[in-house]
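Take a look at the structure set out below.
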Amino acid sequence: MRSSHRWPAIAAMLICSAVPVWAQSGPTNSFPNPYRSIENWAKMPDGRSWGSTAGVAIDADGKSVWVAERCGANTCLGSNLDPILKFDAQGRMVKHFGVGMFVFPHGISVDHQGNVWVTDGQGNGGLGQQVIKFSPNGKVLMKLGVAGVAGNNPYNFNMPSAVLVAPNGDIFVADGHGGKSNDRVVKFDPRGKYIKEWGMKGTAPGEFDIPHALAMDSQGRLFVGDRNNNRIQIFDQDGKYLTSWTQFSRPSGIWIDAKDTIYVADSESESVSKNHDGWKRGIRIGSAKDGSVKYFIPDPVAKAITTSAAEGVAADKDGIIYGAEVGPKRLMRYVMQ
């Protein structure tokens, strides 16, 4: 009889072999771009202009678009404008709320009940450093973190970048945005009770350097945009490391649709980033199942010194892509030609 101690090792090999591995190395800049770019699709009210826009998400209806916009500037501190905006499929603003509640609205997501979740990535004057859950009509339903207080514990965040709610209601927060902020993913139950966390600053598997974006595929795997490490890290929902992908470049934003098409926005290569030369900024589209890249929408700006092209990205049920731009201060729309 063969010794049974070999079976755990064999099982581990089988699990690892099931994780897709992308073979290509080097920049993925040469894929076709079948999309037509549309500016000024979303109409702001008269007298209001776009500010830096880091977060974009699709409503539960599959068509309407939510954005987190920084009040016509790059901060909402002291502003009398609503930063959380909803546009219908024709680009008309149909809802807006959140005035006086944010310093630096950053990540935005919509859960399966249509509730809107927003991270505030800075703190000042008793505001910020929180994740806020709104009803679709703007009623505050939950707050995670203590307003204006930074920390590295179950009750405080330090520059939270992104939030995602799993189908079972568990809440994941990507907590950190560089400098002396955190570098972790924090998990809560549907009522906001702390469950666990993982990660620290570093380059090893399971470590982060600016966990900037979150997405989940149909298998329930959690994709983390580990931006300053120029990779996506993939985990199960208990924080077990599965694999890393570098072929989608430097990830500022990640979106995975119901068909496991993955959209990844790179807003910093060869501009803000000093460690990712050769990679072009833009949106890469591919498969979350096997990690392949299929299309690339390049930033029309060849050379930039700051963030450029989309930082946040989302795609509606028809595959229309939306890019939220911080530097250019706009919301772009991309339609397949």
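The values are calculated or read from the model by the stated rules, or taken from the named source; none is laboratory data. Predicted model, so just to flag it, every value in this text is computed and none were measured. Please note: Cβ atoms are built from the backbone with ideal geometry, for glycine as well, and neighbour counts cover all protein chains shown.
Here are the numbers for this structure:
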| quantity | calculated |
| --- | --- |
| Residue list for region 249-273, restricted to those being of a type in the set (Lys, Arg) and surrounded by 24 or more Cβ atoms within 10 Å (Cβ to Cβ) | 250 |
| Residues (buried (at least 17 other Cβ atoms within 10 Å of the Cβ), under 23 Å from residue 43 (Cα atoms) and small (Gly, Ala, Ser)) located in region 93-137 | 98, 107, 109 |
| Unique residue being more than 29 Å from residue 231 (Cβ to Cβ), of a type in the set (Lys, Arg) and out of contact with any Gly (no Cβ under 8 Å at 6 or more places or on another chain) when the list is 180, 139 | 139 |
| Odd one out for residue 271 among (1) among the hydroxyl-bearing types (Ser, Thr, Tyr); (2) in a loop (DSSP other than H, G, I, E, B); (3) under 18 Å from residue 163 (Cα atoms) | (3) |
| Out of 220, 278, sole residue that is out of contact with any strand residue (DSSP E or B) (no Cβ under 8 Å at 6 or more places or on another chain), surrounded by fewer than 24 Cβ atoms within 10 Å (Cβ to Cβ), in contact (Cβ under 8 Å) with a residue 60 or more places away in the chain and farther than 15 Å from residue 314 by Cβ | 278 |
| Members of region 45-76 that are of a type in the set (A, V, I, L, M) and either surrounded by fewer than 17 Cβ atoms within 10 Å (Cβ to Cβ) or without any contact (Cβ under 8 Å) to a residue 24 or more places away in the chain (or both) | 60, 73 |
| For residue 186: the one exception among (1) under 20 Å from residue 253 (Cβ atoms); (2) out of contact with any Pro (no Cβ under 9 Å at 6 or more places or on another chain); (3) not small (Gly, Ala, Ser) | (2) |
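This table checks each residue for (1) charged (D, E, K, R); (2) modelled with pLDDT of 95 or more.
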residue	(1), (2)
11	no, no
21	no, no
25	no, no
29	no, yes
33	no, yes
46	yes, no
49	no, yes
